[in-house]
1. Condition first: hydroxyl-bearing (Ser, Thr, Tyr), closer than 25 Å to Leu302 by Cα and touching a Ser or Thr at 6+ places or on another chain (Cβ under 6 Å). Can you find one or more residues in segment 317-337 that meet it?
2. Checking Phe90 against (1) out of contact with any Gly (no Cβ under 9 Å at 6 or more places or on another chain); (2) surrounded by fewer than 19 Cβ atoms within 10 Å (Cβ to Cβ); (3) modelled with pLDDT of 95 or more, which test does it fail?
3. Just wondering, is there one or more residues in segment 362-384 that are farther than 16 Å from Phe59 by Cβ and under 16 Å from the mean Cα position of the chain (by Cα)?
4. Wholly within segment 303-385, which strands (runs of 3 or more DSSP E) include no fewer than the required count, namely at least 3 residues that are touching a Pro at 6+ places or on another chain (Cβ under 7 Å) and surrounded by 16 or more Cβ atoms within 10 Å (Cβ to Cβ)?
5. Considering only residues that are among the basic types (Lys, Arg) and in a strand (DSSP E or B), look in segment 70-109 and name the one that is farthest from Val127 (Cα to Cα).
6. Take the conditions within 21 Å of Asn187 (Cα to Cα) and among the aliphatic types (A, V, I, L, M) and apply them to Leu241. Does it pass?
7. Go through segment 136-152 residue by residue and tally those that are over 15 Å from Gln185 (Cβ atoms) and of a type outside the set (S, T, N, Q).
8. Just checking, how many residues over segment 253-281 are of a type in the set (S, T, N, Q), surrounded by fewer than 18 Cβ atoms within 10 Å (Cβ to Cβ) and closer than 23 Å to Thr207 by Cα?
Amino acid sequence: MEQDEATFLPTDDIIEEFDCEDAVSPDTPEDDFDITSDHGSHGSVDYDDVQYEGEEPTFSVSFGGSNEVYAVEYWNDYLVTGGQDDCVRFFTRDRVEGTLEVQMEDKGTDSVSCIKGKGQYVAVGWVDGSLSVYMLKNKQPELYARMQDTEGEIVWINWHKTDTILFGANDGSVWSVSIVGNELQVNGVFSGNNLPSTAGIVTEKDTLITGDERGTVFIFSIPTLDLKRKFQVSSSVVSILHTTNRLLLSTVDGQVYVIGDDGQGAPKLVLSADSDSIEQLVYSKYGNCIVIGSLSGRLIMLDPSTMNVKQDMTFGYGICHVRVVEDQLLLGSDDGRLFMISTGTGELSRSFATNSAPIHGVCVDTHARELAICTGDGSVHIYSI
(Lines give C-alpha, C1' and ligand atoms only; values in the text may rest on other atoms or scores of the structure.)
Protein backbone atom coordinates (compact mmCIF):
# COMPACT_ATOMS: atom_id res chain seq x y z
CA MET A 1 0.00 0.00 0.00
CA GLU A 2 1.40 3.36 -1.02
CA GLN A 3 1.17 6.09 1.59
CA ASP A 4 1.97 9.75 1.80
CA GLU A 5 4.31 10.64 4.61
CA ALA A 6 2.36 10.92 7.84
CA THR A 7 1.98 14.46 9.15
CA PHE A 8 2.39 14.98 12.89
CA LEU A 9 1.24 18.45 13.85
CA PRO A 10 3.07 20.52 16.48
CA THR A 11 1.10 22.25 19.17
CA ASP A 12 2.32 25.59 17.77
CA ASP A 13 -0.25 25.17 14.98
CA ILE A 14 -3.16 25.50 17.39
CA ILE A 15 -5.21 28.58 16.60
CA GLU A 16 -6.92 28.85 19.97
CA GLU A 17 -6.97 26.88 23.19
CA PHE A 18 -9.21 26.90 26.27
CA ASP A 19 -8.77 25.14 29.59
CA CYS A 20 -11.66 23.69 31.55
CA GLU A 21 -11.40 26.67 33.93
CA ASP A 22 -12.89 28.71 31.06
CA ALA A 23 -16.01 26.55 30.94
CA VAL A 24 -19.14 28.46 31.88
CA SER A 25 -21.37 26.99 34.55
CA PRO A 26 -25.18 26.90 34.24
CA ASP A 27 -25.41 29.80 36.72
CA THR A 28 -23.41 32.15 34.52
CA PRO A 29 -25.55 34.60 32.48
CA GLU A 30 -25.17 34.11 28.73
CA ASP A 31 -26.51 36.05 25.77
CA ASP A 32 -26.82 33.00 23.54
CA PHE A 33 -28.48 30.47 25.85
CA ASP A 34 -31.14 30.34 28.49
CA ILE A 35 -29.30 27.53 30.23
CA THR A 36 -31.44 25.63 32.70
CA SER A 37 -30.52 22.18 33.90
CA ASP A 38 -33.28 21.56 36.40
CA HIS A 39 -36.60 22.32 34.72
CA GLY A 40 -39.22 20.29 32.92
CA SER A 41 -41.11 17.15 33.86
CA HIS A 42 -39.35 14.68 36.10
CA GLY A 43 -40.26 11.21 37.21
CA SER A 44 -39.12 7.75 38.09
CA VAL A 45 -40.31 5.47 35.31
CA ASP A 46 -40.77 1.95 36.58
CA TYR A 47 -39.90 -0.24 33.64
CA ASP A 48 -38.55 -3.08 35.74
CA ASP A 49 -41.32 -5.19 34.25
CA VAL A 50 -39.44 -4.85 30.96
CA GLN A 51 -37.42 -7.96 31.59
CA TYR A 52 -35.90 -10.01 28.85
CA GLU A 53 -39.16 -11.23 27.44
CA GLY A 54 -40.93 -9.47 24.60
CA GLU A 55 -40.98 -9.79 20.86
CA GLU A 56 -38.80 -12.61 19.61
CA PRO A 57 -36.13 -11.88 16.98
CA THR A 58 -36.87 -12.55 13.33
CA PHE A 59 -33.32 -13.82 12.79
CA SER A 60 -30.65 -14.95 15.23
CA VAL A 61 -27.20 -16.47 15.11
CA SER A 62 -24.83 -17.39 17.95
CA PHE A 63 -21.07 -17.83 18.00
CA GLY A 64 -20.92 -19.14 21.57
CA GLY A 65 -20.65 -17.38 24.90
CA SER A 66 -16.85 -17.14 24.74
CA ASN A 67 -17.00 -15.21 21.44
CA GLU A 68 -18.59 -11.87 22.24
CA VAL A 69 -19.78 -9.83 19.26
CA TYR A 70 -18.64 -6.21 19.62
CA ALA A 71 -19.91 -4.49 16.45
CA VAL A 72 -22.83 -4.73 14.06
CA GLU A 73 -23.64 -2.57 11.02
CA TYR A 74 -26.21 -2.56 8.22
CA TRP A 75 -24.46 -2.04 4.90
CA ASN A 76 -26.42 -2.20 1.65
CA ASP A 77 -28.09 -5.65 1.65
CA TYR A 78 -25.70 -7.06 4.25
CA LEU A 79 -25.45 -7.19 8.01
CA VAL A 80 -21.77 -6.93 8.96
CA THR A 81 -20.61 -8.23 12.35
CA GLY A 82 -17.33 -8.69 14.17
CA GLY A 83 -16.04 -9.53 17.60
CA GLN A 84 -13.90 -11.64 19.85
CA ASP A 85 -13.34 -14.53 17.42
CA ASP A 86 -11.12 -12.30 15.19
CA CYS A 87 -13.50 -12.52 12.25
CA VAL A 88 -15.66 -10.07 10.28
CA ARG A 89 -18.73 -11.64 8.65
CA PHE A 90 -21.14 -10.48 5.98
CA PHE A 91 -24.65 -11.89 6.39
CA THR A 92 -27.72 -11.90 4.21
CA ARG A 93 -31.21 -12.72 5.45
CA ASP A 94 -33.09 -15.75 4.12
CA ARG A 95 -36.61 -14.56 4.81
CA VAL A 96 -38.18 -17.86 3.73
CA GLU A 97 -36.13 -20.01 6.11
CA GLY A 98 -35.75 -17.30 8.73
CA THR A 99 -31.96 -17.69 8.88
CA LEU A 100 -28.85 -15.57 8.53
CA GLU A 101 -26.49 -16.82 5.83
CA VAL A 102 -22.76 -15.99 5.81
CA GLN A 103 -21.79 -14.73 2.35
CA MET A 104 -18.21 -13.80 3.23
CA GLU A 105 -15.91 -13.87 6.23
CA ASP A 106 -12.44 -12.48 6.73
CA LYS A 107 -10.11 -13.59 9.51
CA GLY A 108 -7.83 -11.15 11.28
CA THR A 109 -5.18 -11.52 13.97
CA ASP A 110 -7.22 -9.90 16.76
CA SER A 111 -10.77 -8.94 17.69
CA VAL A 112 -12.93 -6.62 15.61
CA SER A 113 -13.56 -3.38 17.53
CA CYS A 114 -15.78 -1.22 15.27
CA ILE A 115 -17.52 -1.18 11.87
CA LYS A 116 -18.77 1.75 9.77
CA GLY A 117 -20.19 1.65 6.25
CA LYS A 118 -20.71 4.35 3.63
CA GLY A 119 -21.97 3.83 0.09
CA GLN A 120 -20.20 0.95 -1.61
CA TYR A 121 -17.50 0.70 1.10
CA VAL A 122 -17.43 -0.47 4.70
CA ALA A 123 -14.49 0.08 7.06
CA VAL A 124 -13.62 -2.33 9.87
CA GLY A 125 -11.34 -1.49 12.79
CA TRP A 126 -9.45 -4.13 14.72
CA VAL A 127 -7.98 -4.30 18.22
CA ASP A 128 -4.48 -4.79 16.77
CA GLY A 129 -4.72 -1.40 15.00
CA SER A 130 -5.54 -2.74 11.54
CA LEU A 131 -8.04 -1.03 9.28
CA SER A 132 -9.75 -3.13 6.61
CA VAL A 133 -11.91 -1.68 3.86
CA TYR A 134 -14.35 -3.83 1.90
CA MET A 135 -16.25 -2.93 -1.24
CA LEU A 136 -19.11 -4.24 -3.30
CA LYS A 137 -18.15 -5.87 -6.57
CA ASN A 138 -21.01 -7.33 -8.58
CA LYS A 139 -23.09 -6.90 -5.42
CA GLN A 140 -20.70 -9.16 -3.47
CA PRO A 141 -18.37 -7.97 -0.68
CA GLU A 142 -14.63 -8.30 -1.16
CA LEU A 143 -11.54 -6.94 0.57
CA TYR A 144 -10.47 -3.66 -1.03
CA ALA A 145 -7.42 -2.76 1.06
CA ARG A 146 -5.91 -3.18 4.52
CA MET A 147 -3.46 -1.06 6.50
CA GLN A 148 -1.85 -1.44 9.91
CA ASP A 149 -0.04 1.73 10.83
CA THR A 150 -1.48 2.40 14.27
CA GLU A 151 -0.06 0.94 17.47
CA GLY A 152 -3.33 0.69 19.34
CA GLU A 153 -6.91 -0.50 19.04
CA ILE A 154 -9.10 1.45 16.63
CA VAL A 155 -11.84 2.90 18.84
CA TRP A 156 -14.09 4.76 16.39
CA ILE A 157 -14.54 5.21 12.64
CA ASN A 158 -16.38 7.85 10.63
CA TRP A 159 -16.64 8.81 6.97
CA HIS A 160 -16.32 12.12 5.17
CA LYS A 161 -18.42 11.93 2.01
CA THR A 162 -17.82 8.53 0.40
CA ASP A 163 -14.06 8.33 -0.02
CA THR A 164 -12.35 9.57 3.15
CA ILE A 165 -12.15 7.53 6.35
CA LEU A 166 -11.45 9.17 9.70
CA PHE A 167 -10.58 7.04 12.71
CA GLY A 168 -9.09 7.26 16.19
CA ALA A 169 -7.10 4.78 18.24
CA ASN A 170 -6.28 4.20 21.88
CA ASP A 171 -2.66 5.16 21.27
CA GLY A 172 -3.95 8.73 20.89
CA SER A 173 -3.59 8.96 17.12
CA VAL A 174 -6.26 10.27 14.75
CA TRP A 175 -6.05 9.36 11.06
CA SER A 176 -7.42 10.55 7.74
CA VAL A 177 -7.12 8.16 4.80
CA SER A 178 -8.69 8.32 1.35
CA ILE A 179 -9.65 5.71 -1.20
CA VAL A 180 -7.50 6.45 -4.23
CA GLY A 181 -7.46 3.98 -7.11
CA ASN A 182 -6.89 0.58 -5.54
CA GLU A 183 -5.14 1.86 -2.43
CA LEU A 184 -5.62 3.72 0.83
CA GLN A 185 -3.71 7.01 0.88
CA VAL A 186 -2.87 8.70 4.18
CA ASN A 187 -3.89 12.38 4.16
CA GLY A 188 -2.79 13.25 7.66
CA VAL A 189 -2.10 11.90 11.13
CA PHE A 190 -2.44 13.70 14.44
CA SER A 191 -0.70 12.35 17.50
CA GLY A 192 -1.03 14.95 20.19
CA ASN A 193 -0.80 13.51 23.68
CA ASN A 194 -0.72 9.70 23.54
CA LEU A 195 -4.03 9.48 25.41
CA PRO A 196 -6.73 7.26 23.92
CA SER A 197 -9.02 8.94 21.39
CA THR A 198 -12.51 8.15 22.69
CA ALA A 199 -14.97 9.69 20.20
CA GLY A 200 -15.07 11.41 16.82
CA ILE A 201 -17.69 12.90 14.50
CA VAL A 202 -17.68 14.59 11.09
CA THR A 203 -19.70 17.79 10.61
CA GLU A 204 -21.30 19.20 7.48
CA LYS A 205 -18.71 21.97 7.52
CA ASP A 206 -15.88 19.57 6.61
CA THR A 207 -14.49 19.42 10.13
CA LEU A 208 -13.63 16.49 12.37
CA ILE A 209 -14.28 16.83 16.09
CA THR A 210 -12.67 14.35 18.47
CA GLY A 211 -12.32 13.88 22.21
CA ASP A 212 -9.83 12.00 24.31
CA GLU A 213 -9.56 10.27 27.67
CA ARG A 214 -8.40 13.42 29.47
CA GLY A 215 -11.30 15.53 28.19
CA THR A 216 -9.41 17.39 25.48
CA VAL A 217 -11.55 18.22 22.44
CA PHE A 218 -9.84 18.74 19.08
CA ILE A 219 -11.27 20.39 15.96
CA PHE A 220 -9.56 19.47 12.67
CA SER A 221 -10.03 20.39 9.05
CA ILE A 222 -10.65 17.53 6.63
CA PRO A 223 -8.89 15.82 4.93
CA THR A 224 -5.46 17.06 6.08
CA LEU A 225 -6.19 17.08 9.83
CA ASP A 226 -4.83 20.58 10.29
CA LEU A 227 -5.59 21.37 13.93
CA LYS A 228 -7.86 24.44 14.11
CA ARG A 229 -8.54 24.54 17.83
CA LYS A 230 -8.65 22.56 21.03
CA PHE A 231 -10.34 23.04 24.39
CA GLN A 232 -10.84 21.15 27.63
CA VAL A 233 -13.87 19.68 29.42
CA SER A 234 -14.06 17.97 32.79
CA SER A 235 -13.18 14.37 31.92
CA SER A 236 -13.07 11.70 29.22
CA VAL A 237 -15.32 12.52 26.24
CA VAL A 238 -17.91 9.79 25.61
CA SER A 239 -20.32 11.17 23.01
CA ILE A 240 -20.36 14.12 20.58
CA LEU A 241 -23.40 15.58 18.81
CA HIS A 242 -23.40 18.28 16.14
CA THR A 243 -26.66 20.13 15.54
CA THR A 244 -27.46 23.01 13.19
CA ASN A 245 -25.59 25.62 15.18
CA ARG A 246 -24.22 23.88 18.25
CA LEU A 247 -21.84 21.21 19.35
CA LEU A 248 -22.63 19.11 22.42
CA LEU A 249 -20.26 16.83 24.30
CA SER A 250 -20.87 14.38 27.13
CA THR A 251 -18.32 13.06 29.59
CA VAL A 252 -17.69 10.01 31.70
CA ASP A 253 -18.40 11.98 34.90
CA GLY A 254 -21.96 12.89 33.85
CA GLN A 255 -21.50 16.38 32.36
CA VAL A 256 -22.89 17.86 29.13
CA TYR A 257 -21.22 20.87 27.50
CA VAL A 258 -22.34 23.04 24.61
CA ILE A 259 -20.31 25.29 22.35
CA GLY A 260 -20.84 27.00 18.98
CA ASP A 261 -20.76 24.63 16.03
CA ASP A 262 -17.48 26.15 14.84
CA GLY A 263 -15.92 25.59 18.27
CA GLN A 264 -15.62 29.29 19.03
CA GLY A 265 -16.02 30.66 22.54
CA ALA A 266 -15.73 28.76 25.80
CA PRO A 267 -17.58 25.49 26.41
CA LYS A 268 -20.68 25.97 28.58
CA LEU A 269 -21.76 23.40 31.13
CA VAL A 270 -25.49 22.92 30.46
CA LEU A 271 -26.19 19.77 32.45
CA SER A 272 -24.61 18.01 35.39
CA ALA A 273 -26.75 14.90 35.53
CA ASP A 274 -24.88 12.75 38.05
CA SER A 275 -21.52 11.09 38.45
CA ASP A 276 -22.19 8.27 35.97
CA SER A 277 -21.12 8.33 32.34
CA ILE A 278 -23.45 9.91 29.79
CA GLU A 279 -23.18 7.36 27.01
CA GLN A 280 -25.43 8.83 24.33
CA LEU A 281 -26.30 12.19 22.79
CA VAL A 282 -28.79 12.03 19.89
CA TYR A 283 -31.20 14.43 18.23
CA SER A 284 -34.84 13.55 17.53
CA LYS A 285 -36.51 15.75 14.95
CA TYR A 286 -39.88 14.21 15.78
CA GLY A 287 -39.69 15.37 19.36
CA ASN A 288 -37.47 18.34 18.51
CA CYS A 289 -35.23 17.42 21.40
CA ILE A 290 -31.73 16.36 22.30
CA VAL A 291 -31.85 12.97 24.02
CA ILE A 292 -29.31 12.10 26.71
CA GLY A 293 -28.80 8.55 27.99
CA SER A 294 -26.83 7.92 31.19
CA LEU A 295 -25.47 4.84 32.92
CA SER A 296 -27.21 6.13 36.04
CA GLY A 297 -30.51 5.20 34.36
CA ARG A 298 -31.59 8.75 33.53
CA LEU A 299 -33.01 9.63 30.13
CA ILE A 300 -33.16 13.40 29.67
CA MET A 301 -34.66 15.38 26.79
CA LEU A 302 -33.44 18.94 26.21
CA ASP A 303 -35.01 21.71 24.18
CA PRO A 304 -32.35 22.39 21.49
CA SER A 305 -33.11 26.14 21.45
CA THR A 306 -32.98 26.91 25.15
CA MET A 307 -31.19 23.84 26.57
CA ASN A 308 -34.03 23.57 29.10
CA VAL A 309 -35.01 20.10 30.27
CA LYS A 310 -38.26 18.96 28.63
CA GLN A 311 -38.40 15.50 30.21
CA ASP A 312 -36.29 13.75 32.83
CA MET A 313 -37.00 10.06 33.38
CA THR A 314 -35.24 7.58 35.63
CA PHE A 315 -35.00 3.90 34.83
CA GLY A 316 -33.78 1.12 37.07
CA TYR A 317 -30.79 0.30 34.85
CA GLY A 318 -28.14 2.13 32.88
CA ILE A 319 -28.98 3.44 29.40
CA CYS A 320 -26.06 2.70 27.08
CA HIS A 321 -27.71 2.80 23.62
CA VAL A 322 -30.21 5.31 22.20
CA ARG A 323 -31.44 5.30 18.61
CA VAL A 324 -34.16 7.41 17.02
CA VAL A 325 -36.77 5.39 15.10
CA GLU A 326 -39.25 7.92 13.71
CA ASP A 327 -41.27 9.16 16.70
CA GLN A 328 -39.89 6.44 18.98
CA LEU A 329 -36.70 6.04 20.97
CA LEU A 330 -35.00 2.65 20.95
CA LEU A 331 -33.20 2.11 24.25
CA GLY A 332 -30.66 -0.55 25.20
CA SER A 333 -29.58 -1.05 28.80
CA ASP A 334 -26.33 -2.17 30.37
CA ASP A 335 -27.99 -5.38 31.61
CA GLY A 336 -29.49 -6.45 28.28
CA ARG A 337 -32.94 -4.88 28.11
CA LEU A 338 -34.08 -3.57 24.72
CA PHE A 339 -37.29 -1.57 24.31
CA MET A 340 -38.97 1.40 22.65
CA ILE A 341 -40.68 4.39 24.19
CA SER A 342 -42.66 7.27 22.72
CA THR A 343 -40.53 10.39 22.30
CA GLY A 344 -43.49 12.56 23.17
CA THR A 345 -44.86 10.77 26.24
CA GLY A 346 -42.11 8.44 27.42
CA GLU A 347 -44.60 5.58 27.48
CA LEU A 348 -43.40 2.07 26.73
CA SER A 349 -44.45 0.99 23.23
CA ARG A 350 -42.50 -2.25 22.56
CA SER A 351 -40.00 -4.58 24.19
CA PHE A 352 -37.74 -7.25 22.70
CA ALA A 353 -36.41 -10.58 23.94
CA THR A 354 -32.60 -10.48 24.33
CA ASN A 355 -31.52 -13.40 26.59
CA SER A 356 -30.35 -10.80 29.17
CA ALA A 357 -26.82 -10.55 27.74
CA PRO A 358 -25.04 -7.14 27.66
CA ILE A 359 -25.76 -5.29 24.42
CA HIS A 360 -22.53 -4.20 22.73
CA GLY A 361 -23.95 -2.71 19.53
CA VAL A 362 -27.25 -1.54 18.03
CA CYS A 363 -28.05 -0.54 14.45
CA VAL A 364 -31.27 0.31 12.62
CA ASP A 365 -32.21 -0.16 8.96
CA THR A 366 -35.24 2.09 8.49
CA HIS A 367 -35.63 1.07 4.83
CA ALA A 368 -35.90 -2.64 5.69
CA ARG A 369 -37.79 -1.84 8.91
CA GLU A 370 -35.32 -3.82 11.00
CA LEU A 371 -33.02 -3.36 13.95
CA ALA A 372 -30.06 -5.52 14.90
CA ILE A 373 -28.09 -5.99 18.10
CA CYS A 374 -24.92 -7.84 19.05
CA THR A 375 -24.39 -9.13 22.55
CA GLY A 376 -21.95 -10.34 25.15
CA ASP A 377 -23.10 -13.95 24.85
CA GLY A 378 -21.88 -14.16 21.25
CA SER A 379 -25.27 -13.60 19.61
CA VAL A 380 -26.67 -11.41 16.86
CA HIS A 381 -30.42 -10.76 16.81
CA ILE A 382 -32.57 -9.01 14.20
CA TYR A 383 -36.05 -7.69 15.00
CA SER A 384 -38.77 -6.36 12.76
CA ILE A 385 -39.83 -2.79 13.49
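1. Checked segment 317-337: at least one residue is hydroxyl-bearing (Ser, Thr, Tyr), closer than 25 Å to Leu302 by Cα and touching a Ser or Thr at 6+ places or on another chain (Cβ under 6 Å).
2. (2)
3. no
4. 379-384
5. Out of the qualifying residues, it is Arg93.
6. Spelling it out, it is not the case that Leu241 is within 21 Å of Asn187 (Cα to Cα) and among the aliphatic types (A, V, I, L, M).
7. 8
8. So in segment 253-281, the residues of a type in the set (S, T, N, Q) come out as 255, 264, 272, 275, 277, 280.
Still in the running and surrounded by fewer than 18 Cβ atoms within 10 Å (Cβ to Cβ): 264, 272, 275.
Those left that are additionally closer than 23 Å to Thr207 by Cα: 264.
Residues flagged as of a type in the set (S, T, N, Q), surrounded by fewer than 18 Cβ atoms within 10 Å (Cβ to Cβ) and closer than 23 Å to Thr207 by Cα within segment 253-281 amount to 1.
The values are calculated or read from the model by the stated rules, or taken from the named source; none is laboratory data. Here the structure is a predicted model, which is why all the values come from computation and not from measurement. Cβ atoms come from the backbone with ideal geometry, glycine included; neighbour counts cover every protein chain shown.
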